[in-house]
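Chemist: This is the structure I have questions about; it appears just below.
We did not get these values from a lab; they are worked out from the coordinates using the rules stated. In this text the structure is predicted, and so the values were computed from the model without any measurement. Positions of Cβ are generated from backbone atoms using ideal geometry, with glycine treated the same way; all protein chains shown enter the neighbour counts.
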Amino acid sequence: MNEASTRNRAPGPLAVPPGGPWALRTRETGDGTRSLVTATCTRCGAVPWDEPLGMTVTFPSIEQARQELPGWGWALSTPRGGAEQLLCPGCAARTVP
Ligand SMILES: [Zn+2]
């Protein structure tokens, strides 16, 4: 039996992951490993963009992202029994009745 290729899984596309709008990455720094959480609009795939810094917004934890993103105009909701939904300001504006 040769199962050497069992772990050869291609990375998924840049779509919303099944786990929800959050993507957790780690980055090695001089002080150790830091966690970086990035968020993705579950409808259009947009990511929060920090205009003054010109970079994708990252958070130290998912909990912090949940707290801060509404301040950026992002809408977070969790349907009962469903996966978390995160809408960018554009999608949120189109959703509001
Ligand atoms: Zn969107």
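Chemist: How would segment 33-75 be classified by its alpha-carbon gyration tensor: rounded, prolate or oblate, with rounded meaning a/c under 1.5 and the a/b versus b/c comparison settling the rest?
Modeler: Rounded.
Chemist: Which distance in nm do the two modelled labels at residue 26 and residue 50 give, with both placed 7 Å along the Cα-to-Cβ direction?
Modeler: 2.2
Chemist: So if the hydrodynamic radius of segment 50-94 is defined as the Kirkwood radius over C-alpha pairs, what does Stokes-Einstein give as its diffusion coefficient at 25 °C and 0.890 mPa s, in µm² per second?
Modeler: Translational diffusion coefficient: 211 µm²/s.
Chemist: Below 11 angstrom from the Cβ of residue 33, what's the summed charge of the other residues (Lys, Arg +1; Asp, Glu -1)?
Modeler: +1
Chemist: Across segment 50-65, in residue order, what do the Karplus-derived ³J(HN,Hα) couplings come to in whole Hz, using 6.51 cos²θ - 1.76 cosθ + 1.60 with θ = phi - 60° and x for Gly and Pro?
Modeler: 8, 5, x, 8, x, 8, 5, 6, 10, 10, x, 7, 5, 4, 5, 4
Chemist: What is the magnitude of the charge dipole of segment 21-95 about its Cα centre, with +1 placed on the Cβ of each Lys and Arg, -1 on the Cβ of each Asp and Glu, and no other charges, expressed in debye to the nearest 20?
Modeler: For segment 21-95, the charge dipole is close to 300 debye.
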